[in-house]
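The values are calculated or read from the model by the stated rules, or taken from the named source; none is laboratory data. These figures come from a predicted structure and were not determined experimentally. Counting neighbours? That spans all protein chains shown, and the Cβs are built from the backbone with ideal geometry, glycine included. Side chains are part of the model used for accessible areas, which takes the heavy atoms of the whole protein and leaves out ligands, DNA and RNA. Shrake-Rupley method; radii C 1.70, N 1.55, O 1.52, S 1.80 Å.
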Amino acid sequence: MSLRTFLMRPEFTAVVGTIVVFAFFAIFTGSAGFLTVAMTRNYLEVAAEIGIIAAPITLLLVAGEFDLSVGSMVAASEVIISYLTVDAGWSLPAALGAAVVAAAAVGTINGYLVVRTKLPSFIITLAMLFIVRGAAQGVLRMLTGTSTIDGVREAVGAAPSALLFSSTVGPLSISVVWWIAITLLAAWVLDGRVFGNWIYATGGNQAAAVRTGIPVNRVKILLYVAVAVSTTLVAVLDLYAINQGSANAATGREFEVVTAAVIGGALLTGGYGSPIGTLFGALLFGMVDQGFFFTPLPDVWFMTFLGLMLLLAVFINNYTRMQALKPRGRS
């Protein structure tokens, strides 16, 4: 692969940024614990919970849309699964199935409203964020009088299905396996299938895509459903990790997944992005999230650091892409 080709890849900034950030924390905070197995597990778990949703979000961004309601859908899925298993006595597969159906319904509504009203997806999904978050909080308060439900692991017991969400692979959480698998699936769909070409065409030039017979509305709705369903997986992994379902869970997650995708090279204008780049974007986010607290800076500076990192990634992505697209000089 030539340097020019590498610079044109969406993953360029995320890969380089991840190497630089890892080297920084390894050199300056390695002795404080950043290089330990426990810390590696911690930042990979943070990255996995972001990356599981960020992978389908990347496909949605490539199609020219995005979704701000994912954090509230994680919370709603936690409420559904925890209430049905702990208070209603349902099995885990049945409760998870109910959460998937509910999430798919929200994703379908998001997609349908976006394609039918032609309103910006920012407005539609921002409204859905408030609706779903408020419904999760209100319904759980009506049913239990609180905003949390404890004891999910005890209610489910040693069900065989629990191994899919609570086991470990060596020193790593099963969430890392889910993250890698979903990322590879998203990359395969985007780069190796006809549906991936439809996604690129929808985000690159929607009018031309319609003229060639691509069902752009169906593509967008299916992607919204995929994003929504991915939130149920994060919800059940969260439930096993902390043994508690909360209507206030995943606040701000919508910005974290978009940040990972943008750092990974995706454009908010559509037509450009890579799930592999998003994987590195989520990994970079996870390392900063955990490694920052080993630095001498107070914790309150974390968001400032993250914002600066996002701006830098966008500037570098834009600059390298423009440079790579310039016609080569004649010899």
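Could you grab me the full set of residues in segment 250-264 that are at pLDDT below 95 and under 16 Å from SER77 (Cβ atoms)?
Within segment 250-264, ALA250, THR251, ARG253, GLU254 meet the criteria.
Spot the failing condition for THR269; the list is (1) more than 18 Å from THR202 (Cα to Cα); (2) part of a loop (DSSP other than H, G, I, E, B), and only one is missed.
(1) is the only condition that THR269 fails.
Only one residue in LEU310, LEU223, LEU267 is under 25 Å from PHE122 (Cα atoms) and at pLDDT below 85. Which one?
On inspection, the qualifying residue turns out to be LEU310.
Would you mind stating whether ARG218 is within 17 Å of ALA63 (Cβ to Cβ), modelled with pLDDT of 95 or more and either among the basic types (Lys, Arg) or in contact with a strand residue (DSSP E or B) (Cβ under 9 Å, 6 or more places away or on another chain) (or both)?
Criteria met by ARG218.
Considering only residues that are under 12 Å from VAL100 (Cβ atoms) and either among the small types (Gly, Ala, Ser) or buried (at least 24 other Cβ atoms within 10 Å of the Cβ) (or both), which ones fall in segment 222-258?
Those that are under 12 Å from VAL100 (Cβ atoms) and either among the small types (Gly, Ala, Ser) or buried (at least 24 other Cβ atoms within 10 Å of the Cβ) (or both): ALA226, ALA228, SER230, THR231, THR232, LEU233, ALA235, VAL236.
Taking segment 173-190, which residues are open to solvent by 50 Å² or more (accessible area, probe 1.4 Å), in contact (Cβ under 8 Å) with a residue 12 or more places away in the chain and closer than 14 Å to GLU49 by Cβ?
Within segment 173-190, TRP178, ILE180 meet the criteria.
Quick one: ALA261 ticks every box in (1) surrounded by fewer than 24 Cβ atoms within 10 Å (Cβ to Cβ); (2) within 21 Å of TYR43 (Cβ to Cβ) except a single one, so which number is it?
In the conditions (1) surrounded by fewer than 24 Cβ atoms within 10 Å (Cβ to Cβ); (2) within 21 Å of TYR43 (Cβ to Cβ), ALA261 misses (1) alone.
So which residues in segment 16-55 are part of a helix (DSSP H, G or I), of a type in the set (Gly, Ala, Ser) and open to solvent by 10 Å² or more (accessible area, probe 1.4 Å), if there are any at all?
GLY17, ALA23, ALA26, GLY30, SER31, ALA32, ALA38
Just checking, which of VAL139, VAL114, VAL132, VAL152 is β-branched (Val, Ile, Thr) and surrounded by fewer than 16 Cβ atoms within 10 Å (Cβ to Cβ)?
On inspection, the qualifying residue turns out to be VAL139.
So for segment 200-214 (the condition being surrounded by fewer than 23 Cβ atoms within 10 Å (Cβ to Cβ), closer than 30 Å to TYR319 by Cα and either among the aromatic types (Phe, Trp, Tyr) or touching a Gly at 6+ places or on another chain (Cβ under 6 Å) (or both)), does at least one residue qualify?
Yes, segment 200-214 contains a residue that is surrounded by fewer than 23 Cβ atoms within 10 Å (Cβ to Cβ), closer than 30 Å to TYR319 by Cα and either among the aromatic types (Phe, Trp, Tyr) or touching a Gly at 6+ places or on another chain (Cβ under 6 Å) (or both).
Please work out which residue is modelled with the highest pLDDT, limiting yourself to segment 1-35 and to residues that are within 20 Å of the chain's Cα centre (by Cα) and among the polar types (S, T, N, Q).
THR18
When you look at ALA75, is it touching a residue at least 40 places away in the same chain (Cβ under 8 Å), buried (at least 23 other Cβ atoms within 10 Å of the Cβ) and hydrophobic (A, V, I, L, M, F, W, C), yes or no?
yes
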